[in-house]
Every structure is written in C-alpha cells, then in structure tokens.
Amino acid sequence: MIETFPADRVPDGAVFGPHHAYLGLLLALLAVALVWDDATGAEPWVGAAALLAASFAFATIWKFYPQTGAALALAGIVIALASTLLPFWSSYPWLGPRGVLLVGAIVALDDVAEHAFGVPTPLDWLWTHHLVQHIH
C-alpha cells in the first residue's frame, strides 16, 4: 500500500495546474478571513493553519516528497473540516461563513483524495464526463 501512495506522484503531472483543490482551499480561506476579527482574541486559528498547511503541502511538498505531501494535504483538509465543529464557529450559521469553509474544504478534499488514492471523485467525474465534453 505505501508503495502506491499517493496514486499520483505529481498531481496531474503539474502541481500548479488548474486543480480544484486550489479553488476549494481559497474559498475556505476566504471564509476564515471574513470572520477573523469578529471576536476579540478569538480567531479561527485551527482552520487557518490547517488550510495553509494543506495548501503548502499540495503545492510544494507533494512534488518532491509525494507521500509526505499527500498525507499533509489530506490531514490539513480533514482538520479544517473538523474545525467547523469547534466552539468558535458555533455562532455562525451553516449557510454563512461556516458553510463556505465546509464547502471549500470538501471541494479541496475531492481533488486531493483523487490524486492521493487514485479513486474517481464526484467533481472529477463531473468534469471528465460532462463539462469537458460540452467544451470541445
């Protein structure tokens, strides 16, 4: 198993290609940024650190150390997802910044999981089976 993880040694052969991992991570970071100064002394550090770690791992570590980069990218996104359950977020509705963080992290996880495990994921399936056919 460890020899085949991650499934993609370099995601799509280009870490700086148009990955929806970046779109999801940026969307989730936007949600964190929007609420950063709402409560004095209470910032969403866990989510912010996890998203930044996942971004760094996907963009820079994965290409040179695939197993470490993939594991850190996955861990960062999962921690960001879990952070939506922390007390900081309890005063925010799911249809607000909290939900934006959740959706962004899920979008990022879709792409990172596909490259790490080599399994078809919903957004990749949608792209390859529906959107690409209509563009060409």
**Number of the condition not met by VAL15 [criteria: (1) open to solvent by less than 20 Å² (accessible area, probe 1.4 Å); (2) among the aliphatic types (A, V, I, L, M); (3) within 21 Å of VAL103 (Cα to Cα)]** = (3)
**Prompt:** Can you tell me which residues in the stretch 52-68 are in contact (Cβ under 8 Å) with a residue 40 or more places away in the chain, buried (at least 17 other Cβ atoms within 10 Å of the Cβ) and farther than 19 Å from LEU30 by Cα?
**Reply:** TRP62, PRO66
**Prompt:** List pairs: first in the stretch 83-95 and in contact (Cβ under 8 Å) with a residue 40 or more places away in the chain and closer than 16 Å to ALA48 by Cβ, second of a type in the set (Phe, Trp, Tyr) and part of a helix (DSSP H, G or I), Cβ under 8 Å, 6+ apart or cross-chain?
**Reply:** none
**Message:** Given (1) closer than 12 Å to VAL112 by Cα; (2) open to solvent by 70 Å² or more (accessible area, probe 1.4 Å); (3) of a type outside the set (A, V, I, L, M), identify the lone condition not met by THR40.
**Reply:** (1)
**Complete:** By residue number, the members of the stretch 8-41 that are in contact with a helix residue (DSSP H, G or I) (Cβ under 6 Å, 6 or more places away or on another chain) and outside any helix (DSSP H, G or I) are ASP8, ARG9, VAL10, VAL15, HIS19
**Request:** Scan the stretch 69-115 for residues that are within 16 Å of ALA21 (Cα to Cα), open to solvent by less than 40 Å² (accessible area, probe 1.4 Å) and of a type in the set (Val, Ile, Thr) and jot them down.
**Result:** ILE77, VAL107, VAL112
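Give the number of residues within the stretch 21-37 that are without any contact (Cβ under 8 Å) to a residue 24 or more places away in the chain and either open to solvent by 70 Å² or more (accessible area, probe 1.4 Å) or polar (S, T, N, Q) (or both).
As a first pass, look at the stretch 21-37 and keep what is without any contact (Cβ under 8 Å) to a residue 24 or more places away in the chain: 33, 36-37.
Those still in the list that are either open to solvent by 70 Å² or more (accessible area, probe 1.4 Å) or polar (S, T, N, Q) (or both) too: 37.
Looking only at that region, the number is 1.
The values are calculated or read from the model by the stated rules, or taken from the named source; none is laboratory data. Predicted model only: the values in this text are computed from it and were never measured. Methodologically, a virtual Cβ is constructed for each residue, glycine included, from the backbone with ideal geometry; neighbour enumeration extends over all protein chains shown. In case anyone asks, the SASA skips ligands and DNA or RNA and just uses the protein heavy atoms, side chains included. Shrake-Rupley method; radii C 1.70, N 1.55, O 1.52, S 1.80 Å.
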